[in-house]
Structure formats: C-alpha cells, structure tokens
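> Input: one structure, supplied below.
The values are calculated or read from the model by the stated rules, or taken from the named source; none is laboratory data. In this text, all values refer to a predicted model and were calculated from it rather than measured experimentally. A quick note on method: Cβ atoms are made from the backbone with ideal geometry, for glycine too, and the neighbour counts reach across all protein chains shown. Note: accessible area is taken over every heavy atom of the protein model, side chains too, but ligands, DNA and RNA are not part of it. Shrake-Rupley method; radii C 1.70, N 1.55, O 1.52, S 1.80 Å.
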Amino acid sequence: MVYWWGVVTVVTIASSKGGPGKTTIAMLLAGSLAAEGRQVVALDADPTQALSRWAANAYEGAPFEIHAEADETRLAHLIDKTAGRAEIVIVDTAGFGNRAAAVAMTSADLIIVPTLSGEADVTEAEKTVRLAEGLARAARRDIPAVVLLNKVRRTQLTRHATQEIANAGLPRLDATLSDLVAYGEMSYSGRVPQAGPAMIEMAGLLAELRGRGWLPS
Ligand SMILES: Nc1ncnc2c1ncn2[C@@H]1O[C@H](COP(=O)(O)OP(=O)(O)OP(=O)(O)O)[C@@H](O)[C@H]1O
Ligand SMILES: [Mg+2]
C-alpha cells in the first residue's frame, strides 16, 4: 500500500487449516524484522491471542508494536490506522471461515500460506490460495499469495507435497522451514533464533521475500 509517507507492507499469514505454523512465522517475521531496526506492527487477529500473549509475556528482542483484534470491523480500521506508523505490518490470523482472516487477506500486500506436508494440509493450502486469488480479483488488485512449506523433513512425504503443490499450480516460496526444536522453543524462550540452522533459514526466507520485492530492502 502506498501512503503519502511511503510504502507500507502488510503481510498476512493465513491458512484454513489449524496448526501449520502461522503464529510461529508471525513471531519469526516480527522479531527478525524488528531486530533489523524496522518499524514493525504485529496484529493478532486470532481470538486465542497466542501471538499477543507471546509478545507481551515472553518476547525478548527488539521492540515491535502489538495489538490483538479479532473483530473484523475493528481489524479493518486498525490495519489502516497502524499502517500509518509502520514500515511492515504482520497479521496473524485464525483459520478462515472467520471474517477477520478475510479482512486481513484483502488488506494484504502479501499473503503467506504456511503448510505442512500431509495430503490434507496441501489440499487446505490450495483452498486458502484460491480464496486469496478470489479476494484479490474482487478487490481488483494484485495480492500475491504464496505457500511456505513448514516443518520440513528430508522425507518422501515432503518431496511428494512439493510435487503436489507444483501440480496444483500453487505459487511457492523456495525457502522452507525445517522441523527444528529452535522454532518450538521460541514460544517459551521469547527469543527469535539468532544462530544455527533456524537463523540461516530465516535469513534465506527474508532474502527471498526481498528478492521478489515483497519486503522493503
Ligand atoms: N518449523 C517448526 N519446527 C518445529 N516446531 C514448529 C515449527 N513450526 C511450528 N512449530 C510448532 O508447531 C505448533 C503449531 O504452530 P503454530 O501455533 O505456529 O501454528 P498455527 O498455524 O498458528 O496454529 P493455529 O491454527 O492453531 O493458530 C507449535 O507448537 C509450534 O511451536
Ligand atoms: Mg496460530
């Protein structure tokens, strides 16, 4: 979105299926971008408020602004209002079928659809991407929606999921996130990984998002 004070990037993390890592990815993006000195606002549109509780009670890192708002009307206004003081707005959502997620997807400049490697996971990822495409068309603007494979292991299952995603013609990030203890621990430690394989993967994800012009460089 272009405002008179500059470009604000709204990144919405969405999936119709529960548990593929939406909140984890929201934590990683918010923490990593804040650590780079970016003005980050994180919006928690999931009524369970996992992201906002983490930010308030566990997070130890460069500060970012956080708001919990699951009501779709208030969320729509909040996205617009907070965009006024942010470079990047990260929105974590609950599975859709809820209107707040649709509002967050329609407001986005980029929709990241995390998915695990199971057959049902990939099917639900496709549904989410198709919804995103429909919302973009209805809004008459380009809103890229890309699949991010999460909890990847070097198994046949992951190779199969990658193939299924390609067969369905779903845009996918080359970056993937492995199944790593460091990501799970972050929810307790409050620290976004600053070393090791998790940090390297995150750096790769951010580099790809920047390379594709989806995050400010
Ligand atoms: N790459 C990963 N490696 C290891 N554990 C992970 C990874 N990604 C997520 N997890 C763990 O998987 C669980 C589910 O992740 P998370 O809560 O981020 O999913 P979600 O999509 O936000 O779920 P919900 O739909 O319930 O909001 C959490 O315990 C999280 O710590
Ligand atoms: Mg969540």
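> Could you sort the peptides 61-73, 19-31, 43-55 by per-residue average Cβ neighbour count (10 Å cutoff), highest mean leading?
Details: 61-73: 16.7, 19-31: 24.5, 43-55: 21.6.
Per-residue mean Cβ counts within 10 Å order the peptides as 19-31, 43-55, 61-73.
> Name the shape class, rounded, prolate or oblate, that the alpha-carbon gyration tensor gives for the range 2-205, where a ≥ b ≥ c are the square roots of its eigenvalues, rounded holds for a/c under 1.5, and otherwise prolate holds if a/b is larger than b/c and oblate otherwise.
Values: a/c = 1.63, a/b = 1.11, b/c = 1.47.
Here the range 2-205 falls in the oblate category.
> Using the charge dipole of the chain (Lys, Arg: +1 at Cβ; Asp, Glu: -1 at Cβ; taken about the Cα centre), state which of VAL8, ALA145, GLY196 has its Cα farthest towards the positive end.
The residue sitting most towards the positive pole is ALA145.
> Given Cα pairs under 8 Å that are at least 6 residues apart, what percent is the relative contact order of the chain?
Working: 414 pairs, mean separation 51.2, N = 217.
Taking the mean separation of contacting Cα pairs over the length of the chain, I get 24 percent.
> Whole Å is fine, so just give me how far the alpha carbon centre of the range 110-164 lies from that of the range 16-50.
Using only Cα atoms to place each centre, the spacing works out to 18 Å.
> Right, another one. Could you please put ASP174, ASP92, ASP121 in sequence from largest to smallest accessible area, using a 1.4 Å probe?
ASP174, ASP121, ASP92
> What accessible area per residue, rounded to a whole number of Å², is obtained for the chain using a probe radius of 1.4 Å?
Numbers: 10000 Å² over 217 residues.
Spelled out: the 1.4 Å probe surface of the chain, per residue, equals 46 Å².
> Here is a further query. Just subtract the alpha-carbon distance of GLU208 and ALA58 from 0.36 nm times their residue separation and send over the number in nm, one decimal. Don't skip to the answer; put the middle values down first.
Values: separation 150, 0.36 × 150 = 54.00 nm, distance 2.82 nm.
Taking 0.36 nm per residue and subtracting the Cα distance, the gain is 51.2 nm.
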